[in-house]
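What follows is a single structure, written as structure tokens, with notes after it.
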Amino acid sequence: MNLINNKYKIIEKLGAGCFGEIYKGENIRTQENVAIKVEPIANNLKLLKNESVIYQYLVGTPGVPNVKWFGKDDVNYYMVLNLLGDSLQTLLNSKKSFSLKLVLQIGLQIIFILKSIHDKGLAHRDIKPDNFLLGNDKKQIYIIDFGFCRSVTNMKKTTGLIGSLTYASLNAHNYTELSYHDDLESLAYMLIYFYQGSLDWQKTEDVKLIIQMKQQVVDNVKIPIVLRNFLKRVRLFTFKEIPDYNTLINLLKREVELNK
């Protein structure tokens, strides 16, 4: 692979998904390290192009990386972004589980990020630990991968499950169009996962059983009540309703104070 846009060179591969690959790169003019997402044109998906439009729309939104360049050659589409640090999944892999205080602090940051995205009329629709990266200061969390992101319009049926099976909301399992509260429900499962180090339904591939276990998770006394109450509140929001973010934030903040 030659120079991209005459100034970005590939250094090493960072990962791959079903739609393309991501690399660590360098701006040869400034020596700045960057992340480069690559999607083959032959796939005829244009997911990267759509994602770049969303990133541009969200420019200046806290917790959203900046796109430095989007373009293509004869073979691939390319999107160049800020290079960030490890994902929350990678961090969890090294620690096995997080303390309740850390889980709540992560939750608070992500609620603020999601609110900023939701305020623009968008739902991310793929909330999972791999899609949250630490900044270079290892304090700020950033959200990535807007391939499934859409504007919230009308409630309708979908052709299949949107997002990750592990963190999908009950609406997603019901093949119903997703909204703001579905992002927050997925966040709730993610926070429970961070606290426990695993989720009970990760042990099965039986979708009906997964749905049943998700429905019953609010009654699991092994999970801190603050996380169960968070999930209960989130499930009360309707499709078009703007979630009461302040209530959710205060719920977690109060528990952080108790865990000092």
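What the table shows:
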| read-out | value |
| --- | --- |
| Scope region 11-47; condition modelled with pLDDT under 90, under 23 Å from the mean Cα position of the chain (by Cα) and not small (G, A, S); matching residues | C18, F19, L45, K46, L47 |
| Members of region 241-252 found to be surrounded by fewer than 13 Cβ atoms within 10 Å (Cβ to Cβ) and either charged (D, E, K, R) or under 18 Å from L102 (Cβ atoms) (or both), listed by number | E241 |
| Out of L108, L102, sole residue that is more than 17 Å from the chain's Cα centre (by Cα) and part of a helix (DSSP H, G or I) | L102 |
| Test: residue in region 224-233 that is surrounded by fewer than 12 Cβ atoms within 10 Å (Cβ to Cβ) and over 22 Å from the mean Cα position of the chain (by Cα) | yes |
| Test: L3 is assigned by TED's automatic domain parsing to the domain that holds Y245 and not acidic (D, E) | no |
| The one condition in (1) touching a Phe, Trp or Tyr at 6+ places or on another chain (Cβ under 9 Å); (2) at pLDDT below 95 that E205 fails to fulfil | (1) |
| For L133: the one exception among (1) of a type in the set (A, V, I, L, M, F, W, C); (2) in contact with a Leu (Cβ under 6 Å, 6 or more places away or on another chain); (3) closer than 21 Å to V234 by Cβ | (3) |
| Tally of residues being surrounded by fewer than 17 Cβ atoms within 10 Å (Cβ to Cβ) and either more than 26 Å from N171 (Cα to Cα) or outside the structural domain of Y175 (by TED's automatic domain parsing) (or both) across region 116-142 | 6 |
| Positions within region 72-82 being assigned to a strand (DSSP E or B) and more than 20 Å from the chain's Cα centre (by Cα), in sequence order | K72, N76, Y77, Y78 |
| Every pair of residues 6+ apart whose Cβ atoms lie under 6 Å, when the first sits in region 136-164 and is farther than 15 Å from Y180 by Cα and free of Cβ contacts under 8 Å to residues at least 60 places away in the same chain while the second is part of a loop (DSSP other than H, G, I, E, B) and among the hydroxyl-bearing types (S, T, Y) | K157/Y175; T158/Y175 |
| Filter pass, T238 being under 22 Å from the mean Cα position of the chain (by Cα), buried (at least 17 other Cβ atoms within 10 Å of the Cβ) and more than 21 Å from K101 (Cβ to Cβ) | no |
| Contacts under 6 angstrom Cβ, first residue in region 113-133 being farther than 17 Å from S87 by Cα, partner of a type in the set (S, T, Y), 6 or more apart | K115/Y245; S116/T61; H118/Y180; G121/S151; L122/S151; A123/S179; A123/Y180 |
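The values are calculated or read from the model by the stated rules, or taken from the named source; none is laboratory data. Being a predicted model, the structure only gives us computed values, none of them experimental. Using ideal geometry, Cβ is built from the backbone for each residue, glycine included, and neighbour counts are taken over all protein chains shown.
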